[in-house]
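So the structure is just underneath, and the comments pick up after that.
Derivation of every value follows stated rules applied to the coordinates shown; laboratory data play no part. Bear in mind the structure is a predicted one, so any value in this text is a computation, not a measurement. Virtual Cβ from ideal backbone geometry, glycine too; neighbours counted across all protein chains shown.
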Amino acid sequence: MAQGAEPEPSRPTKRDAQSVERLRDAYRWTPPTQPASKAGREAARVGPFQASSILDLAFTLSGIGLGLFMVMHTSLLSSVLGGPHTLNVVAEFLERYYLLQIGWPPLVLLALVHIVLSLRRAPATFRQQRLLWRQMRWLGHMDTITWGFQVASAIFLGILIAIHLWVQLTNLPITAEKSSDFVRNNLWFTIPFTLLVAGHTAIGFYRAAVKWGVVPRRWAYVLLGVMLLFYMGLGYTVTALLLAVRA
């Protein structure tokens, strides 16, 4: 080094406390300031955030309604655990009071509302779906994986449920023998349908509980596992028993 030359400044090896704090401040979110005037506060209250929250709540409630229906439907089908005669008694009760004919129109309407509201969040384009798949693989997080399953299962369930309703409503009254014939001749339909219904319902309850803070996340994971195992096990047990029914 030449005489009288200034030494080169040493390169810092680590960040000091002030630089770390500045970095945090750059990425820290600060809430917007509230409007000072009463008119400004009213305008802020009735805005896109409130509308989005209302639509999210409606989406959650419609999903819970459909999930509760599926729980009731599975419970009625599980009467076959007491034998084909028990299932026929339950079906006869529903037919006697026209509960199926009365119940399916509002059920279909609720399903359509749920589907329309879900389009706000679901990836509609191929690019969005590819990004979702890439994010699922990269993050490997439970919420991302369950969301991806919800999106994929919803597409198939929309088709399978339409087929299921058409078959059941055009072949009334429901009996254990008719259900057994359908299951036996259409295992390609029944096996994935049971899996998708149980998975979509259980994950829907899990996501609603976590999103709205009903259940702590660590307990929600346990709740998800219990519901999945219970309803999938019950659904496939009912399927096996219907296969054993003979006319």
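Data overview
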{"read-out": "Protection-proxy order for peptides 163-174, 182-193, each taking the mean of Cβ atoms within 10 Å per residue, highest first", "value": "182-193, 163-174"}
{"read-out": "Inter-label distance for residue 130 and residue 156, nm, one decimal - labels placed 7 Å from Cα along Cα-to-Cβ", "value": "2.4"}
{"read-out": "Gained length - residue 76 relative to residue 168, 0.36 nm times residue gap less alpha-carbon distance", "value": "31.6 nm"}
{"read-out": "Centroid-to-centroid separation of the stretch 85-121 and the stretch 188-247 [C-alpha atoms, Å]", "value": "18"}
{"read-out": "Sum of side-chain charges, residue 114 neighbourhood, beta-carbon under 13 Å (Lys, Arg +1; Asp, Glu -1)", "value": "+1"}
{"read-out": "Length-normalised contact order of the stretch 88-206 in % [C-alpha pairs under 8 Å, at least 6 apart]", "value": "36"}
